[in-house]
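The values are calculated or read from the model by the stated rules, or taken from the named source; none is laboratory data. This is a predicted model, so every value here is computed, not measured. All Cβ positions, even for glycine, are placed from backbone atoms using ideal geometry, and neighbour counts span all protein chains on display. Only protein heavy atoms, including side chains, enter the accessible area calculation; ligands, DNA and RNA are left aside. Shrake-Rupley method; radii C 1.70, N 1.55, O 1.52, S 1.80 Å.
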Amino acid sequence: MTTTTGEAAGGSVYEYIVRTKDLAKFYVMGGQEVRALDNVALDIRRGEYVSIMGPSGSGKSTLFNMIGGLDKPTKGTVFIDEVDMAQLSATELAWLRCRKIGYIFQTFNLIPVMTALENVTLPMVFAGLSTDEALEKGANLLKVVGLGDRRDHKPTELSGGQQQRVAIARALANDPAIILADEPTGNLDLRTGKEIIALLKQMNEEKNVTIISATHDLKMIDVSDRVVWIRDGKIERIEERADIKVQVGEMEGEEQ
Amino acid sequence: MAGVVERIPDKAGIQKQIMLPWSKALQMTRENIFVRFGRSVITASGIFLGTAFMSAVFFGGAAAAVKAKLDLEQGITPQEAEMQARIIWLVTMSLVVATVGIVNSMLMSVTERYKEIGTMKCLGALDRFIVRLFILEALLLGVLGSVAGAVVGTGAMTIMWMGRIGAKNTFAAWAAPAMKLGGSPVPLWLCVLVGVVIGGVLSMLAALYPAWRAAKMPPAAALRSEF
Ligand SMILES: Nc1ncnc2c1ncn2[C@@H]1O[C@H](COP(=O)(O)OP(=O)(O)OP(=O)(O)O)[C@@H](O)[C@H]1O
Ligand SMILES: [Mg+2]
């Protein structure tokens, strides 16, 4: 990864795929202001695996929503590939959500009436792919996540781990540059959680997708390039992979 | 290609890159109706009951008109004026019942799918795709529900009236005036047809507002709702 900004065949390639500047989100609840995010400046490099960790209520999901363009910040800016999200029209925002970002949720959020394959191909339908192309690509993605034989199953016929795999395949549907995950292992047991983390890491390495994951899950630390610790809506510290090992014990101690 | 920067195209470019063809929307709607069959039946039943009631009232009016004519031929004085007033009142009532039923079912069917709507927006759906899906669903359910309602409503009345005025006179009711609109009589078949169309259009309109409001919600808010 170079540190310069240069022109490449497909357009400009920037080092930072996501940048936030003075990002803040305040909620007013019963006359009281809740500062869910306050003055967050975070730069995320292309191809990075970043975990966002912090106690419950620290603002992880709020940050997920801001970076994903799912809600508007109270103050500050989010840049995706140096494009200010606040400047985008509704249609441009939809384009961004469709093609640039893949979303993964704690509760999987598959469309319950659709089969695994239909779920995976839905973003491709929105992106204007022909039915044949979408079916072929969707079937391939399901194979990649290890569910080649479950394509006609409905979400209710799949285990939690399998549903999350479908969600990962769906997130990859339009070859996004970023996968945003909010506690992707939150509803899974230890082993299934590990498998999902390994799958995300594999996608990160094979497809060079930037992964940004809010999580409580300490297993995630092992695969992360950086861990962003937030508390009370502020970034407490950012750790590079190399510094992390020492801290894990500390955090585990803290949780008890 | 992941990692390679794809610039956001201009407006015309986006229109071509973000889409939901009507045929695909129709297919999704149809599957949705069948997969959530129980729910669809409940949604459609509001419309069904309204149109069943309305077409029964119309049928009663037309059959009464037939009977009045028969009575007149036999020298009995019919009570037409009173009948007419009652029919207008009943039709109004049934329209109110249908409207309340439809608005309620559509509101429910949109509200319980907020999370799904939020998810679809994350996958790149434009607000109007969401509205389109709900409108199509409401239209299909509305037409199916009101056709079924008309069939059952008029069917039940047919059975009832056949005992009183015979099969031939009962079927003649279809051409008889079911109500008077501005002094001119409207035949039963037209009243029932208009009732069915109204059922479809009404349910579409009833879905429009909640669907549009849900589609406009920021995805974060839609996703947060638990149902
Ligand atoms: N829609 C909202 N309205 C009001 N307050 C909100 C809303 N969403 C979040 N908050 C508040 O903002 C703060 C941060 O919430 P957020 O959901 O981002 O935390 P989190 O780090 O994701 O927590 P968890 O680990 O429990 O998911 C909390 O105090 C929460 O109560
Ligand atoms: Mg959260």
Condition set within 16 Å of ligand 1 (Cβ to nearest atom), away from chain B (no Cβ under 13 Å) and at pLDDT 95 or above, scope region A:1-33, selection farthest from A:ILE238 (Cα to Cα): answer is A:PHE26
Taking region A:51-92, which residues are touching a strand residue (DSSP E or B) at 6+ places or on another chain (Cβ under 7 Å), within 16 Å of ligand 2 (Cβ to nearest atom) and under 21 Å from A:LEU200 (Cα atoms)?
-> A:SER51, A:ILE52, A:MET53, A:GLY54, A:LYS60, A:SER61, A:LEU63, A:PHE64, A:ILE67, A:GLY68
Within region A:34-74, restricting to residues that are away from every other protein chain (no Cβ under 14 Å) and away from ligand 1 (no atom under 13 Å from the Cβ), the one that is surrounded by the most Cβ atoms within 10 Å (Cβ to Cβ) is A:LEU42
Are any of the residues in region A:138-156 in a helix (DSSP H, G or I), within 16 Å of ligand 1 (Cβ to nearest atom) and buried (at least 21 other Cβ atoms within 10 Å of the Cβ)?
-> no
Any residue in region B:119-130 that is open to solvent by 30 Å² or more (accessible area, probe 1.4 Å), out of contact with any helix residue (DSSP H, G or I) (no Cβ under 7 Å at 6 or more places or on another chain) and in a helix (DSSP H, G or I)?
-> yes
Are any residues in region B:203-227 open to solvent by less than 100 Å² (accessible area, probe 1.4 Å) and in contact with an Asp or Glu (Cβ under 6 Å, 6 or more places away or on another chain), and if so, which ones?
-> B:ALA215, B:PRO218, B:ALA220
In the set B:LEU190, B:LEU90, B:LEU141, B:LEU181, the lone residue that is open to solvent by 40 Å² or more (accessible area, probe 1.4 Å) and under 18 Å from the mean Cα position of the chain (by Cα) is B:LEU190
Within region B:7-20, of all residues that are exposed (fewer than 12 other Cβ atoms within 10 Å of the Cβ) and not acidic (Asp, Glu), the one farthest from the other protein chains (Cβ to nearest Cβ) is B:ALA12
Out of the residues in region A:112-137 that are in contact with a Pro (Cβ under 8 Å, 6 or more places away or on another chain) and open to solvent by less than 10 Å² (accessible area, probe 1.4 Å), which is farthest from ligand 2 (Cβ to nearest atom)?
-> A:ALA116
